[in-house]
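K.L.:
Sharing a structure with you now.
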Amino acid sequence: MPKVSVIVPVYNVEKYLKQCLDSILEQTLEEIEIVCVDDGSTDSSGEILDQYATKDERVRVIHRKNAGYGSAMNVGLEIATGEYIGIVESDDCILPDMYKTLYEEAVSDSLDLVKSDAYYWLEKAQYKKRIHYKHLESFYDRVLSDIERNVFFDFVMNIWTGIYKREFLTKYQIRFHESPGASYQDNGFWIQTLSYCKSAKWLNQAFYLYRQDNETSSVKSRDKMFAMTKEYEYIEKLLRDRGDEEFLPYCYYYKLFRHRGTFFRIADENKREFCDEIKKDYARYKCYIKGFAAMDGWLRKASTQPEELCENVIQKKKSIKKCLDHASHIIIYGAGTHGDIIFRGLYNEGYYDKISCFAVSQNPPEYLFAGKQIVKIETALESYKDALVVIAVARGSNIYRHMVEKLAQLGINDFLDGSLIEESFYIL
């Protein structure tokens, strides 16, 4: 029996597939099987899989008619024979020690699941940024039991940075939603695994490269307005049918929580209609968001003032994009957390080539980030005299006020508040 079965769902991903498979085959844990489910690809993905299966007997390939991500994943789960199950999306990559490290931890502590951190990855931009929550430091690298289940849900939502004991998945009949053509079917699997597991661990390491520059990714789809909503309706029905109402609050909370991301992701012409969905769910589930004041306030406004909210967001985004479109160069002033978020937002909207550099007030500790130089603000303004400066720190903070004063001293009174980008753009 393999120690880990790695399931790779594949659909029209020829551009990235070899790189993905190579990263799995280079694992230092050799006792793995790689279950590749070709979900009716119409490009060369199927041929690539067959080539790899010929070269390495650990690669198993299933070709089938297209039936959707959830169905493909369930086929993989049924076929897998490993002690533990791993998942790698076919446009992503993993680092060599991932499964060896996870497996040794899982066996040592008899865990239902063990997970780690990931990296946001933009290959073109030479960008790799670890996704890590510092406020959870005390919960890393130790076994967590069901009494700490709320903490499970505080870690970053994903299904692919860890491994799951196959007996655990079978015992609780944990599978994927099979609605054809749907997206976000990882949400249901995520909620099920975190709801039912009795022992889990998150490692303070990162192994998974989560690609952000695949333009065909369903996450970037501007349609599928109700895909996330339908996924949570499925989760709610599943938990009710099983008599596991104790886990429903997680479902309700995240259904509301995901609405904001969907609102910004979908096309502007669909935002007003989607507010009706928000209003319906907010009326039913608002008590589950109590305590999260910022989110509660946003959902309340979407429910009670939808026209005003939509108009403000759409006009604000148009105004921001007008500034960005007219700029010949962009300087991101701030290279910390907000600078990183704003960079990804600009990248997602197609402005990467306009970003000339990152700027800071003091001498930079590093000199390159995401393929762009980090320089002092004086140097940046001297090099790019006609650049649009985007202040990339929290609005209203002391450092924000310092930056505004610094720019004024340097003769710059017109700049773009980066918080507007965070508030208006969909940022992965």
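The values are calculated or read from the model by the stated rules, or taken from the named source; none is laboratory data. Remember, it's a predicted structure, so these values are computed and weren't measured experimentally. We place every Cβ from the backbone using ideal geometry, glycine too, and count neighbours over all the protein chains shown. Accessible surface is based on the protein model in full, side chains and every heavy atom, while ligands, DNA and RNA are left aside. Shrake-Rupley method; radii C 1.70, N 1.55, O 1.52, S 1.80 Å.
K.L.:
Just one of K316, K255, K271, K279 is within 22 Å of I427 (Cβ to Cβ), open to solvent by 20 Å² or more (accessible area, probe 1.4 Å) and touching a helix residue (DSSP H, G or I) at 6+ places or on another chain (Cβ under 7 Å); which is it?
P.N.:
The conditions single out K316.
K.L.:
Then there is this: List the helices (runs of 4 or more DSSP H) inside the range 53-152, counting only whole elements, that have at least 3 residues being in contact with an Asp or Glu (Cβ under 8 Å, 6 or more places away or on another chain) and modelled with pLDDT of 95 or more.
P.N.:
Per the criteria, 69-79.
K.L.:
Right, something else. For A294, indicate whether it is exposed (fewer than 12 other Cβ atoms within 10 Å of the Cβ) and closer than 30 Å to A283 by Cβ. So that I can check it myself, show each step before the final result.
P.N.:
Working: exposed (fewer than 12 other Cβ atoms within 10 Å of the Cβ): yes; closer than 30 Å to A283 by Cβ: yes.
Yes, satisfied.
K.L.:
Next question, about the same structure. I'd like the residue in the range 124-149 that is within 16 Å of the chain's Cα centre (by Cα) and in contact (Cβ under 8 Å) with a residue 24 or more places away in the chain and, out of all such residues, is most open to solvent (accessible area, probe 1.4 Å).
P.N.:
Within the range 124-149, the match that is most open to solvent (accessible area, probe 1.4 Å) is K128.
K.L.:
Ok, one more. Of all residues in the range 167-215, which are over 23 Å from F226 (Cα atoms) and open to solvent by 40 Å² or more (accessible area, probe 1.4 Å)?
P.N.:
E167, T170, K171, Y172, Q173, K198, N204, Q205, Y210
K.L.:
Return yes or no: is K224 touching a residue at least 40 places away in the same chain (Cβ under 8 Å), surrounded by 14 or more Cβ atoms within 10 Å (Cβ to Cβ) and at positive phi?
P.N.:
Criteria met by K224.
K.L.:
Among the residues of the range 312-322, is there at least one that is touching a residue at least 40 places away in the same chain (Cβ under 8 Å) and of a type in the set (S, T, N, Q)?
P.N.:
No; the residues of the range 312-322 include none that is touching a residue at least 40 places away in the same chain (Cβ under 8 Å) and of a type in the set (S, T, N, Q).
K.L.:
If you take the residues in the range 403-421 that are touching a helix residue (DSSP H, G or I) at 6+ places or on another chain (Cβ under 6 Å) and over 19 Å from K376 (Cβ atoms), which one is surrounded by the most Cβ atoms within 10 Å (Cβ to Cβ)?
P.N.:
I421
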